[in-house]
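Below is one structure, written out as structure tokens; the observations come after it.
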Amino acid sequence: MITKCLFPVAGYGTRFLPATKSMPKEMLPIVNKPLVQYGVEEALSAGLTEVTFVTGRGKRAIEDHFDISYELEHQIEGTGKEMYLDGIRHIMQECSFSYIRQREMKGLGHAILTGEKTIGNEAFGVVLADDLCIEQEGDGVMAQMVRLYKQFRCSIVAIEEVPMEEIHRYGVIEGEQIKDGLFQVTRMVEKPKPEDAPSNYAIIGRYILTPDIFDIIRNTPPGANGEIQITDALMKQAQDGCVMAYRFKGRRFDCGSVDGFIEATNYCYDHFYK
Ligand code: G1P
């Protein structure tokens, strides 16, 4: 059983400055809900109730969001407005939250390694809240991946086909197709130039990792951008054992970019709010 999920949220969100000067980018709202809450809801619906945030300076608003706000709640108690808190109250009831500080920004691999103490020796999920994933039929992406994990018992990355001109923004896989939408990874490259990309299958921000990844990360030298990359660690895991890449069902928005963020906002407004 997988019950733990890691949320690396220490990044600066420079693309959204000045909005993110004193506010975590993960707290930017898609309509009326912060990005990070969508991610936690997805994790919860996959049964991942032990949530760990790998956080950093200036991210306190995330802790406050997943906690009681006495004054506010006292004020609206018994009024019609209380229903606006139903969603977040449900999450707080079902999940536990821990926070670990990543003191230096040394890359996603480093952020994941920072979470090792709370994860321990079990498989766990990783959600990058910037990638907003909306289920379109049936289960959310994490729930789909947990199901696959039960079958294969190895690390799994979610993938999506992206246009070649955008491939340099992603980790990219090469793999042998096992069945429709499922590949055994043979190679992975972080942020390749289009001419070096082994395919147009980009890794998106959903992972299930087996705990041997921690030792591998510890021995992974800095890669693209001088950062310790989870993609490089996964490549080693794929060489020595097995890593699966899964073309998830659903829709994903790159909310780390302004265009993706606006697209997600319009989509969520049309589908969930109106
Ligand atoms: C990270 C990963 C990359 C992955 C991407 C998905 O990159 O390093 O492999 O494709 O997330 O969003 P980042 O967006 O942090 O640069």
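The values are calculated or read from the model by the stated rules, or taken from the named source; none is laboratory data. These numbers were taken from a predicted model, which means no experiment stands behind them. Positions of Cβ are generated from backbone atoms using ideal geometry, with glycine treated the same way; all protein chains shown enter the neighbour counts.
Observations
- Residues that are surrounded by fewer than 20 Cβ atoms within 10 Å (Cβ to Cβ) and of a type in the set (Asp, Glu) within region 213-234 comprise ASP215, GLU227, listed in sequence order.
- Residues (surrounded by fewer than 20 Cβ atoms within 10 Å (Cβ to Cβ), among the acidic types (Asp, Glu) and within 26 Å of LYS274 (Cβ to Cβ)) located in region 16-51: GLU41
- Test for GLY226: is it farther than 25 Å from GLY181 by Cβ and within 15 Å of the ligand (Cβ to nearest atom): yes
- Residue that is over 19 Å from GLN239 (Cα atoms) and either surrounded by 18 or more Cβ atoms within 10 Å (Cβ to Cβ) or modelled with pLDDT of 95 or more (or both), where the choices are PRO198, PRO194: PRO194
- Pairing each residue of region 245-262 that is in contact (Cβ under 8 Å) with a residue 24 or more places away in the chain and closer than 16 Å to TYR207 by Cβ with any residue that is of a type in the set (Ser, Thr, Tyr) and within 14 Å of the ligand (Cβ to nearest atom), provided the two are 6+ apart or on different chains, yields C-beta distances under 9 Å for ALA245/TYR201; ARG247/TYR201.
- Selection from region 179-199 of residues that are in contact with a strand residue (DSSP E or B) (Cβ under 9 Å, 6 or more places away or on another chain) and away from the ligand (no atom under 12 Å from the Cβ): ASP180, GLY181, LEU182, PHE183, GLN184, VAL185, THR186, ARG187, ASP196, PRO198, SER199
- Each residue in region 155-173 was checked for being within 10 Å of the ligand (Cβ to nearest atom) and in a loop (DSSP other than H, G, I, E, B), and 2 pass.
- The set of residues in region 65-86 being farther than 24 Å from GLY120 by Cα and within 20 Å of the chain's Cα centre (by Cα) consists of HIS65 alone.
- GLU176 being part of a strand (DSSP E or B), over 20 Å from the mean Cα position of the chain (by Cα) and away from the ligand (no atom under 16 Å from the Cβ): yes
- Among the residues of region 241-255, not one is within 14 Å of the ligand (Cβ to nearest atom) and modelled with pLDDT under 95.
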